[in-house]
1. What single numbered condition from (1) free of Cβ contacts under 8 Å to residues at least 60 places away in the same chain; (2) closer than 21 Å to Ser241 by Cβ; (3) assigned to a helix (DSSP H, G or I) fails to hold for Ala399?
2. Determine, yes or no, whether Lys27 is surrounded by fewer than 19 Cβ atoms within 10 Å (Cβ to Cβ) and touching an Asp or Glu at 6+ places or on another chain (Cβ under 6 Å).
3. If you scan region 179-194, which residues turn out to be surrounded by 15 or more Cβ atoms within 10 Å (Cβ to Cβ) and among the aliphatic types (A, V, I, L, M)?
4. I'd like the full set of residues that are within 12 Å of ligand 3 (Cβ to nearest atom) and open to solvent by 40 Å² or more (accessible area, probe 1.4 Å), limited to region 145-173.
5. Exactly one condition in (1) under 23 Å from Arg159 (Cβ atoms); (2) touching a helix residue (DSSP H, G or I) at 6+ places or on another chain (Cβ under 9 Å) is false for Ala56; which is it?
6. Which count do you get for residues in region 232-280 that are charged (D, E, K, R) and in a helix (DSSP H, G or I)?
7. Any idea which of Ser384, Ser393, Ser370, Ser405 is under 24 Å from Tyr60 (Cβ atoms), out of contact with any Leu (no Cβ under 7 Å at 6 or more places or on another chain) and hydroxyl-bearing (Ser, Thr, Tyr)?
8. Is one or more of the residues making up region 180-192 touching a helix residue (DSSP H, G or I) at 6+ places or on another chain (Cβ under 9 Å), at pLDDT 95 or above and not in a helix (DSSP H, G or I)?
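The values are calculated or read from the model by the stated rules, or taken from the named source; none is laboratory data. Since the model is a prediction, treat every value here as computed from it, not as a measurement. Glycine also receives a Cβ, built like all others from the backbone with ideal geometry; neighbour counts cover every protein chain displayed. Each accessible area value is taken on the protein alone, full model and side chains, heavy atoms only, with ligands, DNA and RNA left out. Shrake-Rupley method; radii C 1.70, N 1.55, O 1.52, S 1.80 Å.
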Amino acid sequence: MFEKILIANRGEVAVRIIRACKEMGVKTVAVYSTADAEALHATLADEAYCIGGPRASESYLNKNALLTVALESGASAIHPGYGFLSENADFARECREHGLVFIGPSPEIMDLMGDKDQARRTAKAAGVPIVPGCDLLESPEQAEEEARRIGCPVLVKARAGGGGRGIRKVLRPEDAPAAYEQAKAESEAAFGDGECYMEKFISPAHHIEVQILGDAYGNVFSLGERECSVQRRNQKLLEESPSPCPALTPEIREHMYECARNLAKSVGYQGLGTIEFLFSDAGEFWFMEMNTRLQVEHPITEFVTGIDLVKWQLRVAAGVELKDFRQEDIKISGHAIECRINAETPDFLPSAGDITMLHVPNGPWVRFDSALYVGCSVPPYYDSLLGKLIVYSRTREEAIRKMRSALGELVIDGVDYNADLQLDILSNPKFLAGNYHTNLMEHLYE
Ligand code: ADP
Ligand code: ADP
Ligand code: MG
């Protein structure tokens with residue numbers, strides 16, 4: 001196992017990783033921006049270094065500063081968390097060049113799977129169905145032609161996109177050029193890459209994803225699925241495991257797992273990863289993308305499998321072989337739900353400020369992953385995720401009741417947050433019936 005690692009992230013995920021390291025006897029090095037000098041992750045780590053100004057480009061995306069601190073502090077590996085540099089193959093390459101382990105797949109695999117357009121081809125080659133669409137677009141005119149050929153509605157999608165950004169819906173072919181320009185500009189600004197492709201817009205559909213863990217010896221395991229169809233603007237809000245979708249029969253579920261494992265095996269995938277699918281009520285599914293990193297919603301999988309994903313991610317990165325794992329021993333039991341607690345107003349505007357009072361719900365199988373404490377500040381520069389409330393119960397009904405009770409108890413004073421919206425989702429009839437699609441939020445109050 002590593003003796004010391006650097007965590008190139010902030011917020012709840014940095015805290016989550018530091019906790020896993022402490023339990024495993026791994027020393028931790030935190031980095032922070034000037035806006036995060038008092039942040040929890042910097043306090044909890046064994047060492048902490050300021051690496052730059054508040055903007056992510058000055059600090060958490062500052063590759064040179066991260067590599068320098070890692071080398072100077074004697075860390076042997078870097079955990080990128082999610083977001084920031086977690087899917088940046090160039091950064092993984094630079095880590096390797098400096099003799100540092102990047103905790104994630106190799107840069108070659110990230111090239112294959114991180115670029116969404118390339119990932120479609122990789123999936124197809126592995127025999128996994130992909131959404132009908134086209135390769136990279138070369139011009140606005142070509143966008144219109146392809147929209148006509150594929151058949152509207154379609155989505156223009158940035159190959160580098162993430163967190164729901166770089167996606168535009170096209171209802172009529174003549175609108176495709178403008179949508180293409182918008183997606184391109186948005187992705188260029190957010191990810192420094194404006195290349196886009198197009199996919200048939202599948203609706204109504206479920207977003208169902210499969211958790212994967214692979215080691216350096218070609219062993220790949222699937223760890224159940226997560227239903228992530230509760231989304232606003234293509235961003236997840238609430239996730240549950242297993243999926244309650246009635247069309248996901250045991251046979252289709254098994255086939256989806258097999259496709260996910262085959263795809264991961266076909267590229268020699270090492271580490272934690274998630275294969276995202278769109279799923280129709282007719283039982284068809286299509287590969288959408290792979291996230292080559294730890295995912296925000298990983299705790300629900302931890303609850304239903306009893307497996308600590310971050311610890312295993314660290315172990316496989318250190319070269320441990322998954323020889324005591326057997327696919328048939330990975331059993332999914334009970335039901336877990338996660339609500340993302342975002343700092344935002346009821347109109348979805350970001351909210352920042354100092355936390356003046358905090359009451360965190362508790363009780364059996366209630367987990368709150370966050371970096372909040374009374375007196376901490378929520379800076380305006382980063383992601384709006386304040387924390388994640390996760391509950392686990394024997395049945396879905398019990399889990400929903402537990403989540404309602406926990407949300408009702410949660411108090412965060414100093415910023416606006418979305419607990420009321422989450423309670424509305426938990427009482428929506430379609431949600432309660434367990435058969436809802438990615439458009440649920442558009443019809444939440446109907
Ligand atoms: P998950 O798939 O784990 O649910 P999200 O899509 O919600 O993750 O993204 C988690 C965080 O990572 C968000 O802050 C999001 O903006 C960021 N993110 C996702 N993909 C990328 C990317 N390709 N580049 C940079 N940041 C990203
Ligand atoms: P990101 O990298 O931002 O997570 P994804 O490719 O995973 O991008 O898409 C984000 C969300 O957008 C999906 O979870 C899904 O709800 C929706 N989406 C993406 N592609 C399609 C599609 N072809 N048809 C319908 N919905 C889609
Ligand atoms: Mg996605």
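1. Going through (1) free of Cβ contacts under 8 Å to residues at least 60 places away in the same chain; (2) closer than 21 Å to Ser241 by Cβ; (3) assigned to a helix (DSSP H, G or I) one by one, Ala399 breaks only (1).
2. Yes: the conditions hold for Lys27.
3. Answer for region 179-194, where residues must be surrounded by 15 or more Cβ atoms within 10 Å (Cβ to Cβ) and among the aliphatic types (A, V, I, L, M): Ala179, Ala183, Ala190.
4. If the condition is that a residue be within 12 Å of ligand 3 (Cβ to nearest atom) and open to solvent by 40 Å² or more (accessible area, probe 1.4 Å), then Gly163, Arg165 are the ones that fit.
5. That leaves (2) as the condition not met.
6. Number satisfying all stated conditions: 6.
7. Step by step, each of Ser384, Ser393, Ser370, Ser405 is checked, and only Ser384 is under 24 Å from Tyr60 (Cβ atoms), out of contact with any Leu (no Cβ under 7 Å at 6 or more places or on another chain) and hydroxyl-bearing (Ser, Thr, Tyr).
8. No: zero hits.
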